[in-house]
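Colleague: One structure follows; several queries about it will come next.
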Amino acid sequence: MKKVLIICDLFPPAFGPRMGYLCKYLKYYGWEPVVLTESIEDNTFAFLANKCKVVYVNYYTAKGAFARNLQWIGTILLDFCFGYKDIRLFKEAKKLVEKEPFELVLCSSFRTFPLPAAYKVAQKYQLPLVVDLRDIIEQYTNDEFISHPFPSLFGLNKLFISIFKRKMLSSRNRVLRQANFITTISPWHVNILKQYNPNIELIYNGFDPELFQPKQEKTDQFIITYTGRLLSTAMRDPGLFLEALRILSEEKVLTPQNCQVHWYVDEASWKIISEVAKMWGTLPFMHFKGYVPASHIPSVLNSSSIILLLTNRASGSGPKGIMTTKFFESLAVEKPILCVRSDESYLAETIKETNAGLAATNVNEVCDFIQFHYNEWKEKGYTTSSVKKDKLNLFSRKEQAKQFIQIFEKVQTHG
């Protein structure tokens with residue numbers, strides 16, 4: 001069996017579905033993955049853990065909140081100045097490569113880490129390097145690419161962030177130019193990244209066909225569901241949806257008794273939502289559910305009447321290339337998808353091509369969409385979407401594993 005060393009920033013049980021599902025399906029096609037990654041305290045994707053050999057590197061061992069914050073700041077500074085996290089990961093990778101043979105290295109990242117470590121391993125041991133970029137800094141509206149806010153130091157945050165951003169981009173692009181192949185998640189990402197390396201292919205995020213299948217579950221209430229995170233209203237703007245909800249409430253079509261909006265989000269996202277909903281007078285419809293394990297998401301989606309996707313117009317300073325995993329999972333369960341506000345770009349095109357629902361540009365069409373499916377729910381007790389099934393295969397995680405393997409074989413043959 002051929003072996004691939006996967007070096008990535010996140011992996012199950014933490015939030016790392018793309019590489020987690022890839023490792024699940026690689027063995028179907030004669031490839032054995034070995035994973036090297038950072039240790040993260042998160043069990044969102046616990047059901048995808050233990051599918052292959054994984055080495056976790058723990059950078060944060062301090063006990064207590066204050067000590068951990070100090071360690072986090074120290075690690076950020078060491079990493080910024082000396083590439084500390086990549087140095088440690090490279091040392092662990094050396095042990096793996098010197099113990100067993102690998103055909104190539106695959107590195108998956110959303111920003112830059114751990115691209116330098118992966119490149120160094122590939123160069124030292126003369127292995128092909130495939131880089132998979134799930135998200136990139138250029139897609140964000142502001143500083144949402146930073147997972148934790150920088151501490152305020154003499155009002156110099158913006159300067160620090162600017163320097164940090166430039167350094168991350170410089171380090172990333174240096175590796176991209178040397179990689180044998182690049183994969184990424186949307187046509188927009190392909191267009192941005194091909195300026196650094198023409199050997200690039202689109203592999204969408206997707207759904208696991210073994211988990212996400214349509215089931216018609218009757219519910220006592222009309223349920224609109226959102227799962228995920230809300231980093232900012234500039235990235236994901238719920239305005240059109242909340243305005244439509246207020247209008248339908250004023251017209252006595254929807255009430256908090258017959259309609260609920262379920263938010264499967266973290267507390268920071270809920271704070272944003274509740275404040276905006278209060279402004280629109282729709283807070284009584286809102287229900288905070290918190291995060292649930294990813295294994296529960298198929299049931300959550302199948303018991304929904306409408307699945308909500310939040311984004312914003314992609315032009316100007318808006319978010320770019322957002323093709324969230326939750327879109328493809330919603331597509332697979334064949335529930336009506338309401339995307340607000342339409343990105344007027346690749347996501348809207350895909351929603352139209354698959355007949356998955358509505359990418360909205362004005363409040364009237366949002367009202368019509370919700371009312372149409374509310375009437376459907378009143379009649380049947382559930383809702384459905386006439387998704388074009390011939391389009392679904394492109395987004396299957398099992399089929400996407402084949403795409404990765406074709407690239408692996410290509411770089412093995414041609415370098």
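Colleague: Of all the residues that make up segment 110-127, how many are surrounded by fewer than 22 Cβ atoms within 10 Å (Cβ to Cβ), modelled with pLDDT of 95 or more and under 26 Å from the mean Cα position of the chain (by Cα)?
Modeller: Counting residues in segment 110-127 that are surrounded by fewer than 22 Cβ atoms within 10 Å (Cβ to Cβ), modelled with pLDDT of 95 or more and under 26 Å from the mean Cα position of the chain (by Cα) gives 1.
Colleague: Tell me the residue from Leu301, Leu310 that is in the same structural domain as Leu254 (by TED's automatic domain parsing), touching a strand residue (DSSP E or B) at 6+ places or on another chain (Cβ under 7 Å), touching a residue at least 60 places away in the same chain (Cβ under 8 Å) and under 18 Å from Ser186 (Cβ atoms), please.
Modeller: Criteria check complete, one pass: Leu310.
Per-residue answers, yes or no, for (1) among the aromatic types (Phe, Trp, Tyr); (2) more than 20 Å from Leu242 (Cα to Cα); (3) in the same structural domain as Leu310 (by TED's automatic domain parsing):
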position	(1), (2), (3)
Ala332	no, yes, yes
Ser345	no, yes, yes
Thr354	no, yes, yes
Asn362	no, no, yes
Phe372	yes, no, yes
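Colleague: Then there's this: Report, by residue number, each residue of segment 79-109 that is assigned to a strand (DSSP E or B) and either small (Gly, Ala, Ser) or over 26 Å from the mean Cα position of the chain (by Cα) (or both).
Modeller: If the condition is that a residue be assigned to a strand (DSSP E or B) and either small (Gly, Ala, Ser) or over 26 Å from the mean Cα position of the chain (by Cα) (or both), then Ser108, Ser109 are the ones that fit.
Colleague: Any idea which of Cys23, Cys52, Cys107, Cys8 is of a type outside the set (Gly, Ala, Ser) and more than 20 Å from Ile203 (Cα to Cα)?
Modeller: Only one candidate passes the filter, namely Cys52.
Colleague: Determine the pairs where a residue that is in the same structural domain as Ile6 (by TED's automatic domain parsing), located within segment 74-101, has a partner that is aromatic (Phe, Trp, Tyr) and assigned to a helix (DSSP H, G or I) with Cβ atoms under 8 Å apart, the partner being 6 or more residues away or on another chain.
Modeller: Going by the 8 Å Cβ cut-off, the qualifying pairs are Thr75/Tyr84; Leu78/Tyr84; Phe80/Phe164.
Colleague: Still on this structure, I have one more. Sort through Leu310, Leu358 and tell me the only one that's crowded, with 22+ Cβ neighbours inside 10 Å and farther than 28 Å from Phe45 by Cβ.
Modeller: Leu358 is the lone residue from the list that is crowded, with 22+ Cβ neighbours inside 10 Å and farther than 28 Å from Phe45 by Cβ.
Colleague: To continue, here is another question. Which of the residues that make up segment 347-400 are of a type outside the set (D, E, K, R) and part of a loop (DSSP other than H, G, I, E, B)?
Modeller: Hits for segment 347-400 are Asn355, Ala356, Ala360, Thr361, Asn362, Gly381, Tyr382, Thr383, Thr384, Ser385, Ser386, Val387.
Colleague: Continuing with this model, one more query. Take the residues in segment 128-170 that are among the basic types (Lys, Arg) and in a helix (DSSP H, G or I); name whichever of them is modelled with the lowest pLDDT.
Modeller: Ranking the qualifying residues of segment 128-170, first place goes to Lys158.
Colleague: Among the strands (runs of 3 or more DSSP E) lying completely within segment 200-318, list those that include at least 1 residues that are among the hydroxyl-bearing types (Ser, Thr, Tyr).
Modeller: Qualifying strands (runs of 3 or more DSSP E): 222-227, 259-264.
Colleague: Just checking, which of Ala117, Ala122 is touching a residue at least 12 places away in the same chain (Cβ under 8 Å), more than 17 Å from Met19 (Cα to Cα) and in contact with a helix residue (DSSP H, G or I) (Cβ under 7 Å, 6 or more places away or on another chain)?
Modeller: Residue meeting the stated conditions: Ala117.
Colleague: Considering segment 260-285 alone, what residues qualify as being within 22 Å of Thr219 (Cβ to Cβ), over 24 Å from the mean Cα position of the chain (by Cα) and hydrophobic (A, V, I, L, M, F, W, C)?
Modeller: Ala277, Leu283, Phe285
Colleague: Answer yes if at least one residue in segment 12-25 is farther than 18 Å from Gln400 by Cβ and not in a loop (DSSP other than H, G, I, E, B), and no otherwise.
Modeller: Within segment 12-25, none of the residues are farther than 18 Å from Gln400 by Cβ and not in a loop (DSSP other than H, G, I, E, B).
The values are calculated or read from the model by the stated rules, or taken from the named source; none is laboratory data. Worth saying up front: this structure is predicted, and the values here are computed from it rather than measured. Ideal geometry is used to build each Cβ from the backbone, glycine not excepted, and the neighbour counts take in all protein chains shown.
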